[in-house]
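Following: one structure in structure tokens, then a few remarks.
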Amino acid sequence: MCGIVGYIGERDVTPVLVNGLKKLEYRGYDSAGIAVFNDSRISVVKTKGRLSSLEEKLCNIKLHGHMGIGHTRWATHGEPNDVNSHPHLSNNGNIAVVHNGIIENYMQLKDFLTGKGYEFISDTDTEVIAHLIDYNYKGDILKAVMNTMNDVEGAYALGVICSEYPDRIIAARKDSPLIVGLGKNENFIASDIPAILEHTRDIYILEDKEVVSITADGAEIFNLLGERVNRDVFHVDWDVSSAEKGGYEHFMMKEICEEPNAIKATISPRIQNNQIVLDKFHIADEFIKNCEKINIIACGTAYHAGVVGKYIIEKLARISVEVDVASEFRYRDPIINEKQLTVVISQSGETLDTLMAMREAKKRGSRIIAIVNVVGSSIAREADDVLYTWAGPEIAVASTKAYNTQLAALYLFALNLAKQKGELSEESYQCHITELQKLPQQVEAVLGDRELIQKFAYEHFNARSVFFIGRSMDYALSMEGSLKLKEISYIHSEAYAGGELKHGTIALIEEGTLVVCPLTQDYLMEKMISNIREIKARGAVVLAITTQKNEAAIKEVADVVITIPDMDNIFAPAVAVTPMQLFAYYVSVMKGNDVDKPRNLAKSVTVE
């Protein structure tokens, strides 16, 4: 959510800021603005709407300078409008602030500052920061920001400029990601790497409760005691093209088509001499022997991957698994102890709900394993062990290849755990490894035969409501298919366990109701066929996704059948999800929606 960019150097700052913000559009926003040190003062231009609206405003304004900050806002406090947009200025115009996150005690601070004579013009929590920094400013802007950090509660990443310090930007973070880009005679701040990748590959990753003073010549990091912090430079090794569309109409389609390579990149390095070798962690046999339970914590798409993971781990490793929505986990007083293992899943590694839930589990003694995509992210740094998914950058808000690679990581983890526990024979272990290595070409086969999905989407893109039903892992898969459809097409959609139909849901089925049914679990095929007959008898239109060997049987009951290659049932979700992603994509395109940036949604959710 929200995006921050800052620049100081020899270039004209305005195009650097605007182009950087364009690279952060995927994070989700409803307004944008920049603040530039210009002719001995800070000038601000901001507007509701897309960056194109900001660019239109800038066309009529001469705004030149060599230092500035920019922001794309996703509204939390106050409606999206020009006044609530960032940056925010102190009353005297001396200080400009951009902010990601939420200040939890902003009302108390606002009352205090109002009593000191400060006037507020916006409904945001961010304006409090601008005035509080000004209140704390006694000639040293770095110290003023540090003192302000001690006063505010909540999650934030800040970019600050002061008209009395035309040679520096101050930035800070707590529970919201922020990086420093290191260039030659120029430096940057940003919420994420794509914003600055065309300028530099060398960055500092700020950690919690750190503040950085940035000039054109360098960057100094401090803790809140004012002590210098030494930080290794992190070198970004993926190229600019990874964050560009590369000829595709949308990032979402590009990322779906990248799934085979992403799965291969996640799996291949971890299989050596027909053995799974996990590079960033090792759990002692004694711990596994005494492990009472595994907790999986995640949000959204990552949560749905975790539900599939529950089935995988329990089937292979025979350990009880509980899956929690991260935003609920720490508020239910969970029963956690040192004999439990907690797996947290997050694409960005910065999802605030997941980060806070992870800290809660760790505080209660659980060992933490992180499955994340971003190296050096907060969750990766704070976990005891890390299993990276090598999906590469994912720009579209609707997650696709991240889900496939999270499943790939869970397969690796579950198989390794099962072998460690002695639950798999060597023959079975080797057979599963062979099947796992087939996933990339199996997804490739699905991608090569997507015309039928596109045709079906064309026929049903005006559906008012769509249901997804499945059993076992197919039910978990249905949850993700339903989410994909509703988040980018805005069609109401729900996922149900097939056996639950008769307990109420079937009352919603009427003539023409669209129902999507994954059928990949052979031992439940007859049960699901019976469920399909029940909904067909009430007028439903059924799209089925099944394996090639079951195609003939399913064609007798479904209207349209999409096939995936025959495979071991346990690996089917990693392949069967792709047709669902494609269906959601084509429906959204045909409805004329903004596929990559659906309304009200953000890629990286950094507020609770």
Listed peptides 222-235, 45-58, 71-84 by packing density, highest first (mean Cβ within 10 Å): 71-84, 45-58, 222-235
Only helices counted: for the chain, with every DSSP H run of 4 or more residues adding -39500 (n - 2.57) and the sum spread over all residues, [θ] at 222 nm is -10500 deg cm²/dmol
Listed peptides 267-273, 342-348, 143-149, 85-91 by packing density, highest first (mean Cβ within 10 Å): 342-348, 85-91, 143-149, 267-273
Would you list, by chain and number, the lysines whose Cα falls below 30 Å from the Cα of Lys143, excluding same-chain residues fewer than 8 positions away? Lys46, Lys110, Lys116, Lys174, Lys184, Lys209
Per residue, how much accessible area does segment 1-121 show when a 1.4 Å probe rolls over the protein heavy atoms, in square angstrom? 40
Could you work out the relative contact order of the chain, using alpha carbon pairs under 8 angstrom and six or more residues apart, expressed as a whole percent? 12
Would you mind computing, in nm to one decimal, how far apart the modelled labels at Glu435 and Ile121 are, each placed 7 Å from Cα along Cα→Cβ? 6.4
Restricting to Cα pairs below 8 Å that are 6+ residues apart, what does the relative contact order work out to for segment 491-555? Please round to a whole percent. 39
Treating the angle as unsigned and between 0 and 90°, give the value, to the nearest 10°, between the Cα long axis of helix 352-363 and the longest Cα principal axis of the chain. 80
Taking Lys and Arg as +1 and Asp and Glu as -1, residues besides Asn84 with C-beta under 14 Å from its C-beta add up to -3
Would you list which lysines come within 28 Å of Lys536, measuring only between C-alpha atoms, while excluding same-chain residues fewer than 8 positions from it? Lys455, Lys484, Lys486, Lys502, Lys527, Lys549, Lys555, Lys591
As I understand it, the value is the acute angle between the Cα axis of helix 13-22 and the longest principal axis of the Cα atoms of the chain; what does it come to in degrees, rounded to 10? 20
Can you list the aspartates and glutamates whose alpha carbon sits under 14 Å from that of Lys421, skipping same-chain ones fewer than 8 residues off? Asp285, Glu286, Glu292, Glu314
Could you tell me which of rounded, prolate or oblate describes segment 482-598, using a ≥ b ≥ c as the square roots of the eigenvalues of the alpha-carbon gyration tensor, with rounded for a/c under 1.5 and, failing that, prolate when a/b is larger than b/c and oblate otherwise? oblate
Only bridges with both residues in the chain count here: give the DSSP antiparallel percent, nearest 5. 60
Would you mind working out the accessible area per residue for segment 466-569, using a 1.4 Å probe, and quoting it in Å²? 38
Carbon/sulfur accessible area of the chain, % of total, 1.4 Å probe, equals 46
Can you list residues from other chains, or at least 5 along the same chain, whose modelled amide H is less than 5 Å from the amide H of Arg471? Gly498
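The values are calculated or read from the model by the stated rules, or taken from the named source; none is laboratory data. It should be emphasised that the depicted structure is a prediction, and the values quoted were computed from it without experimental measurement. Positions of Cβ are backbone-derived with ideal geometry, glycine not excepted, and every protein chain shown enters the neighbour counts. Accessible surface is based on the protein model in full, side chains and every heavy atom, while ligands, DNA and RNA are left aside. Shrake-Rupley method; radii C 1.70, N 1.55, O 1.52, S 1.80 Å.
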